[in-house]
Amino acid sequence: MRIRDATPADLPGVLAIYNDIIATSTAIYTSEPTTLAERTAWWEMRRARGYPLIVAADRDEIFAFGSFGDWRTSPGYVSTVEHTVHVRADCRRRGLGRAIVTDLIERARALGKHVMLGGIDADNSASLALHEGLGFERAALHRQVARKFDRWLDLVFVQRLL
């Protein structure tokens, strides 16, 4: 298994992970599954801005993915990116999330970025611990900013100076 840049052939695997997380967790604050066309447009928008989509893969099987993009579009925020990382349910706790985020940090540095942010559901203790172990600090807690599975959700923003 290795971490590499995604190709168009990887997008169905990325989509499967993403839609499973939508259906089974509060890591993504939506209840509606997305389509391959929507994930493809998302990836193409990232690529057009020079941002990566990376996967943990073995041949054609995708186990995890990650990316980052602009946090806000105002020019004052040009040095700040927000990242995302998702690991397939049967592959968690194997170091894939750490490997993906570590790679994203290096790629953001190479692009001259100064801060990397992440938004994490406050109940996602595994992701919070992963990020804290990689030098991210809790920067903000937004209480009851989303609703899913008939309950209010709190969002923690973490950040790391690059």
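The values are calculated or read from the model by the stated rules, or taken from the named source; none is laboratory data. Predicted model, so just to flag it, every value in this text is computed and none were measured. Cβ atoms come from the backbone with ideal geometry, glycine included; neighbour counts cover every protein chain shown. What goes into the accessible areas is simple: the full protein's heavy atoms, side chains included, and nothing from ligands, DNA or RNA. Shrake-Rupley method; radii C 1.70, N 1.55, O 1.52, S 1.80 Å.
If you check Arg59, Arg49, Arg107, Arg39 for being of a type outside the set (A, V, I, L, M, F, W, C) and either closer than 24 Å to Phe136 by Cα or under 12 Å from the mean Cα position of the chain (by Cα) (or both), only one passes: Arg107. What number of residues in the range 130-156 are of a type in the set (A, V, I, L, M, F, W, C) and open to solvent by 40 Å² or more (accessible area, probe 1.4 Å)? Looking only at that region, the number is 5. Just one of the listed residues (Arg143, Arg147) is closer than 19 Å to Thr24 by Cβ and over 18 Å from the mean Cα position of the chain (by Cα), namely Arg147. For the range 95-110, filtered to residues that are in contact (Cβ under 8 Å) with a residue 12 or more places away in the chain and out of contact with any Phe, Trp or Tyr (no Cβ under 8 Å at 6 or more places or on another chain), the residue that is farthest from Arg39 (Cα to Cα) is Arg109.
I need the full set of residues from the range 48-88 which are open to solvent by 30 Å² or more (accessible area, probe 1.4 Å), touching a Ser or Thr at 6+ places or on another chain (Cβ under 7 Å) and not in a strand (DSSP E or B), in order please. The answer is Trp71, and nothing else. The residue that is most open to solvent (accessible area, probe 1.4 Å), among those in the range 106-129 that are part of a strand (DSSP E or B) and small (Gly, Ala, Ser), is Gly119.
Is there a residue in the range 94-105 that is open to solvent by less than 30 Å² (accessible area, probe 1.4 Å) and over 22 Å from Asp20 (Cα atoms)? Yes, there is a match, as at least one residue in the range 94-105 is open to solvent by less than 30 Å² (accessible area, probe 1.4 Å) and over 22 Å from Asp20 (Cα atoms). Return yes or no: is Thr40 at pLDDT below 95 and either surrounded by 15 or more Cβ atoms within 10 Å (Cβ to Cβ) or not in a strand (DSSP E or B) (or both)? No: the conditions fail for Thr40.
Conditions (1) acidic (Asp, Glu); (2) within 25 Å of Val156 (Cα to Cα); (3) in contact with a Phe, Trp or Tyr (Cβ under 8 Å, 6 or more places away or on another chain), marked per residue:
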| site | (1), (2), (3) |
| --- | --- |
| Pro12 | no, no, no |
| Ile28 | no, yes, yes |
| Pro52 | no, yes, yes |
| Arg59 | no, no, no |
| Ser74 | no, yes, no |
| Arg88 | no, yes, yes |
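Quick one: is Phe63 among the aromatic types (Phe, Trp, Tyr) and closer than 22 Å to Thr40 by Cα? The answer is yes for Phe63. Applying a threshold of 8 Å to beta carbon distances and a minimum spacing of six or more residues, or different chains, the list of pairs starting in the range 135-153 at a residue that is in contact (Cβ under 8 Å) with a residue 24 or more places away in the chain and ending at one that is surrounded by fewer than 14 Cβ atoms within 10 Å (Cβ to Cβ) and not small (Gly, Ala, Ser) reads Ala146/Trp152; Lys148/Thr30; Leu153/Gln144; Leu153/Val145; Leu153/Arg147. Annotation: of all residues in the range 1-29 being over 22 Å from Arg107 (Cβ atoms) and open to solvent by 50 Å² or more (accessible area, probe 1.4 Å), the one that is nearest to the chain's Cα centre (by Cα) is Tyr29.
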